[in-house]
Structure formats: C-alpha cells, structure tokens
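The values are calculated or read from the model by the stated rules, or taken from the named source; none is laboratory data. Given the structure is predicted, the values throughout are model-derived calculations rather than measurements. Every residue, glycine as well, gets a Cβ built from its backbone with ideal geometry; the counts of neighbours run over all protein chains shown.
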Amino acid sequence: MYYVDPHIHMVSRTTDDYETLAKMGCVALSEPAFWAGFDRGSVESFRDYFRQLTEFEPTRAAQYGIQHFTWLCINAKEAENVELSREVLKMIPEFLNKPNVLGIGEIGLNKNTKNESTIFLEHLDLAVAHDQSILIHTPHLADKYTGTRMILDMLTGDSRINRGRVLVDHVEEHTIGDVLDEGFWAGMTLYPVSKCTPARAVDMIEKFGPERLMANSAGDWGPSKPTAIPDLILEMRRRGHPESLIRRVTYENPCEFFEQSAGFQFTPPDLQRREKST
Ligand SMILES: [Zn+2]
C-alpha cells in the first residue's frame with residue numbers, strides 16, 4: 001500500500017531512512033520548517049535552511065522515488081525573538097514559488113507567550129497575502145489544550161482564513177474535537193515517547209471518522225520513528241478496518257489537503273508507471 005507522511009523532518013534523518021520509507025510504501029512526504037535544536041543566529045541561517053528544504057531534500061528524496069514537499073516559517077520557539085522573526089518573515093516570499101513549497105508552517109505556539117502569538121498572527125498575514133495553506137504545530141503535554149484553544153481562537157477570529165486550508169497538527173483526544181468541529185484539518189502525530197501511539201490514533205479514527213483527519217510520524221532529530229505510519233496501517237488491519245479506510249487516512253486525505261497548494265505537483269506511482277508504459 002502507498003502512503004504519504006504529511007509531517008516529517010528529513011533534514012534530521014539519514015539517506016538510509018529514505019530508503020526504508022520507500023520500501024515501506026512512502027511515495028510522498030511533507031517537511032515543515034522547525035526548530036533545529038538550537039536557536040539560529042541570523043536571517044541568513046534561515047535562508048540556507050530554506051535552500052536545503054527546497055533544493056537539496058527534494059533531490060535526495062527523488063533518488064528513492066519519494067516526492068518531497070515543504071512548508072516555510074520561523075518556528076514558535078525562535079518566534080520569541082520578534083526582531084529576527086520579522087526579518088525571516090520578510091525573506092520567506094523569495095521561496096514561496098519554489099516547486100515543492102506547499103505553504104506556511106509549522107507555525108504555532110510553544111510556551112503560549114505574547115511574542116509567539118504576535119509572530120503567529122504575522123504569519124497568518126503572510127499566508128493570506130500570498131494565498132498559502134497553513135500547517136500548525138500545537139504545544140506539547142500540559143500546555144496543549146490552552147495553546148490549541150489560543151490558536152483556534154486566533155484563526156477563527158480572522159475572517160480571511162479559509163479553514164479548509166489549515167492543518168492543525170499534534171492533536172490528541174482532548175483537542176481533536178474542537179479542531180474538527182471548527183472546520184480545520186487535524187493531524188495525529190505518532191511518537192514513541194509522547195504525543196500519540198498507533199492504538200490511540202486508531203481509537204480517534206473510530207470515534208471521529210476519517211473526514212479531514214490524517215496521521216504523521218513527525219520524525220525529527222529526537223526520539224521518533226520515521227516508519228510510524230506503517231505501524232498505524234498494521235494496527236488498523238489488526239482491528240479489521242477496510243483497506244479503503246486505511247488508504248483514506250494515510251494517502252487520500254493528505255493528498256486532498258495538499259492539492260489546494262499550487263506547489264503540489266504530484267503524480268501517484270501507479271499513474272507514473274502507466275504513463276511510462278504507454
Ligand atoms: Zn514538526
């Protein structure tokens with residue numbers, strides 16, 4: 001079965017990981033800009049990072065038949081530095097027309113501070129001005145409900161935002177209902193140590209249905225598992241869910257969400273083969 005990982009940080013992963021993902025059926029992935037594990041010193045560091053995301057990673061992924069897409073922003077952690085954030089925001093449009101860019105992300109909140117909210121709102125302005133989709137990081141653990149609620153209030157308070165073009169990521173049992181009820185897409189992150197296990201994700205699919213719902217590995221430089229989506233597929237099969245439902249959550253839904261972005265020029269592998277043989 002083919003699948004798409006809509007949230008994974010391949011700059012932190014090895015080429016061996018690309019090979020493993022390809023063997024497991026991953027045909028496309030999207031990589032939001034995020035925190036590198038340390039605060040970057042200048043806008044030039046972000047320019048180089050965006051070049052990596054728009055030039056080098058798509059090339060590396062293509063060697064394994066995986067299509068690489070990306071999202072650009074300054075993450076919530078570094079958004080605490082408002083001056084640097086504004087320099088990055090001003091520079092982002094240089095990259096918005098690169099062929100693999102899907103929109104602005106992952107923006108959001110980390111400690112739910114005033115500076116983070118200020119820069120979150122300025123990212124929304126940028127997305128609206130350039131007609132971009134948005135991918136959102138919600139904070140972890142104790143801050144999650146408060147932070148998610150703050151984010152949803154900022155989004156719903158802005159009549160310019162098309163909710164169908166916003167993916168709110170890292171949802172859990174206590175936040176998924178609000179996200180879906182208010183018309184946004186929701187992403188469940190499968191993490192070995194925090195966030196959500198495959199079993200909990202399948203519980204949520206059973207409870208909320210597959211509409212506007214997808215799952216991701218959020219594989220990065222910390223403890224994480226890039227092959228978490230195949231684990232979810234296995235758990236759904238184990239519970240007897242039909243292949244059509246599995247395909248909807250792990251392939252069709254991310255494609256449907258991404259298709260709203262001009263940068264999503266994606267040919268499914270079965271069609272590629274047909275084109276070659278004719
Ligand atoms: Zn992430």
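Of all residues in segment 114-141, which are part of a loop (DSSP other than H, G, I, E, B) and at pLDDT 95 or above?
We begin by selecting, within segment 114-141, every residue part of a loop (DSSP other than H, G, I, E, B); these are 130-132, 138-140.
Selection gives HIS130, ASP131, GLN132, THR138.
Does any residue in segment 204-233 that is within 22 Å of HIS174 (Cβ to Cβ) and without any contact (Cβ under 8 Å) to a residue 12 or more places away in the chain come within less than 6 Å, Cβ to Cβ, of a residue that is within 14 Å of the ligand (Cβ to nearest atom) and not in a loop (DSSP other than H, G, I, E, B) six or more places away or on a different chain, and which pairs are these?
Cβ pairs passing all conditions: none.
Regarding segment 110-118, can at least one residue be identified that is closer than 24 Å to HIS170 by Cβ and either in contact with a strand residue (DSSP E or B) (Cβ under 6 Å, 6 or more places away or on another chain) or among the hydrophobic types (A, V, I, L, M, F, W, C) (or both)?
In the first step, residues of segment 110-118 are kept if they are closer than 24 Å to HIS170 by Cβ; the result is 110-118.
If we keep only those that are either in contact with a strand residue (DSSP E or B) (Cβ under 6 Å, 6 or more places away or on another chain) or among the hydrophobic types (A, V, I, L, M, F, W, C) (or both) as well, we get none.
No, that holds for no residue.
Can you tell me how many residues within segment 25-57 are part of a helix (DSSP H, G or I) and out of contact with any strand residue (DSSP E or B) (no Cβ under 8 Å at 6 or more places or on another chain)?
Step one: filter segment 25-57 for residues part of a helix (DSSP H, G or I), giving 43-57.
When the remaining residues are screened for being out of contact with any strand residue (DSSP E or B) (no Cβ under 8 Å at 6 or more places or on another chain), the result is 43-49, 51-52, 55-56.
Counting residues in segment 25-57 that are part of a helix (DSSP H, G or I) and out of contact with any strand residue (DSSP E or B) (no Cβ under 8 Å at 6 or more places or on another chain) gives 11.
Within segment 155-191, take every residue that is closer than 17 Å to PRO32 by Cα, within 16 Å of the ligand (Cβ to nearest atom) and not aliphatic (A, V, I, L, M) and give me the one that is surrounded by the fewest Cβ atoms within 10 Å (Cβ to Cβ). It would help to see each step written out before you state the result.
Filtering segment 155-191 down to residues closer than 17 Å to PRO32 by Cα leaves 165-171, 185-191.
Within this subset, residues satisfying the condition of being within 16 Å of the ligand (Cβ to nearest atom) are 166-171, 185-191.
After this cut, where a residue has to be not aliphatic (A, V, I, L, M) as well, the list is 169-170, 185, 187, 189, 191.
Details: ASP169: 24, HIS170: 26, TRP185: 27, GLY187: 28, THR189: 23, TYR191: 21.
The qualifying residue surrounded by the fewest Cβ atoms within 10 Å (Cβ to Cβ) is TYR191.
I'd like the full set of residues that are touching a helix residue (DSSP H, G or I) at 6+ places or on another chain (Cβ under 7 Å) and of a type in the set (A, V, I, L, M, F, W, C), limited to segment 1-28.
Passing the criteria: MET1, VAL4, MET10, VAL11, MET24, VAL27.
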